């Protein structure tokens with residue numbers, strides 16, 4: 001799954017537009033998130049569509065990670081599978097906030113497998129309003145999740161993998 005568009009430049013523009021729209025929505029729902037992202041070393045915004053049908057769930061998506069120190073954007077893909085009872089479809093956005101350079105670098109360079117972090121995902125950070133709505137998903141990584149549309153009732157164990165989108169992260173050929 002990739003952003004919509006016929007060319008690499010179109011797909012990058014679609015990813016950047018999704019990022020802007022999602023951040024605006026996040027700041028409306030969780031105003032303190034803007035301060036957290038402003039103070040972070042980086043952040044990533046992902047678009048994800050998930051389906052859960054009885055005992056099997058799957059989701060795929062794409063996103064863009066910004067290294068605030070360098071200003072570099074890395075375009076990425078994601079895919080997840082899970083097991084557990086459920087039924088539904090949902091379209092949601094995930095905003096990762098990287099509070100350490102090592103967490104950002106590992107996420108971008110090595111990809112990330114959330115299956116090893118399944119137990120951490122359930123822990124909501126409770127430090128006043130500063131991280132309201134965010135969960136710790138790994139050391140140095142917080143996650144805000146915004147559901148766009150859909151209805152799902154599920155209790156799944158999910159494994160999610162993130163990796164670089166080589167097509168969009170490379171250089172755009174000049175026309």
What FRET efficiency, computed as 1/(1 + (r/R0)^6) with R0 = 45 Å and r the Cβ-Cβ distance, is obtained for residue 105 and residue 55, rounded to the nearest 0.05?
0.80
Between residue 38 and residue 135, Cβ-based FRET efficiency (R0 22 Å, step 0.05) works out to 0.65
So how do 11-23, 92-104 stack up, highest first, on mean other-Cβ count within 10 Å?
92-104, 11-23
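Values in this text are rule-based calculations from the coordinates and carry no lab data. Computed from a predicted model, the values in this text were never measured in an experiment. Quick reminder, even Gly has a Cβ in these numbers, built from the backbone with ideal geometry, and neighbours come from all protein chains shown.
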